[in-house]
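The values are calculated or read from the model by the stated rules, or taken from the named source; none is laboratory data. The structure presented is a predicted model; accordingly, all values stated were derived computationally and were not measured. No Cβ is skipped: glycine too gets one built from the backbone with ideal geometry, and neighbour counts run over all protein chains shown.
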Amino acid sequence: MHRKQSAAWSVTLVLFLSSFGNAEEPPGYTVQPPPELLRHFLQLEGEWVGTHVNHEGKEEQLTLVYRNVSGGTAVEERIFANTPKEMITMYHGNGDDRVLMTHYCALGNQPRLQLEESDGKHFAFSYLDGVGIDRETTGHMGRMKMTVVDENTIRQEWAYYEGGKEINVTQMTFKRAQQ
């Protein structure tokens, strides 16, 4: 009797799980399209290598990985990928054609920035709000600018704030890794 029950549960589980893999969207759900400007970030998918000058004044190599997730409605960015310093930034919509980014920082907070300006090559994000942040006392990333130089080169500029003031700006240039 136990074997028959196990077999029946196995068949039920397989049928249940396979029903999700066959549809482009689950029945009864409407997929919200991503903001038009998010398409620029979707095109970055893949691995990038670059350099920056760290807080000790030394040039440091780093890896950046972009991955399109959630059916193309969000983009995951992993900076310092596959190292103990790895951080994740998620680019996503806000339901009203705005692009937001949430940065999961190694400092232990999550600033959320909104896209303020873009011409399709330059993207300027500024602080909107965040988790674990008191803008007057907590160190956090408060501004980010990205420039798509060409299809194989991007630049990022991250501004660190502390005590309500911009303290440091880190500039990084990345090249698309060869496949």
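From the set of residues in the range 157-178 that are farther than 17 Å from Ala106 by Cα and touching a residue at least 40 places away in the same chain (Cβ under 8 Å), which is surrounded by the fewest Cβ atoms within 10 Å (Cβ to Cβ)?
Filtering first and then ranking leaves Gln171.
This table checks each residue for (1) in contact (Cβ under 8 Å) with a residue 40 or more places away in the chain; (2) under 25 Å from Tyr161 (Cβ atoms); (3) in contact with a Gly (Cβ under 7 Å, 6 or more places away or on another chain); (4) in a strand (DSSP E or B).
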site	(1), (2), (3), (4)
Val49	yes, no, no, yes
Glu60	no, yes, no, yes
Ala81	no, yes, no, no
Tyr91	yes, yes, no, yes
Phe123	yes, yes, no, yes
Asp129	no, yes, no, yes
Glu136	no, yes, yes, no
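Of all residues in the range 112-121 being part of a strand (DSSP E or B), out of contact with any Asp or Glu (no Cβ under 8 Å at 6 or more places or on another chain) and without any contact (Cβ under 8 Å) to a residue 60 or more places away in the chain, which is surrounded by the most Cβ atoms within 10 Å (Cβ to Cβ)?
Ranking the candidates gives Leu113 first.
Determine which member of the set Glu25, Glu59 is more than 13 Å from the chain's Cα centre (by Cα), exposed (fewer than 12 other Cβ atoms within 10 Å of the Cβ) and modelled with pLDDT of 90 or more.
Glu59
Give just the number: which of (1) in a loop (DSSP other than H, G, I, E, B); (2) within 18 Å of Leu44 (Cβ to Cβ); (3) of a type in the set (Ser, Thr, Tyr) does Thr102 not satisfy?
Status for Thr102: all satisfied but (1).
Restricting to the range 118-159, give me the number of residues that are closer than 13 Å to Leu38 by Cα and charged (D, E, K, R).
The qualifying residues number 2.
Which of the numbered conditions does Asp97 fail, given that it passes all the others? Conditions: (1) in contact (Cβ under 8 Å) with a residue 40 or more places away in the chain; (2) closer than 26 Å to Val131 by Cα; (3) outside any loop (DSSP other than H, G, I, E, B).
(3)
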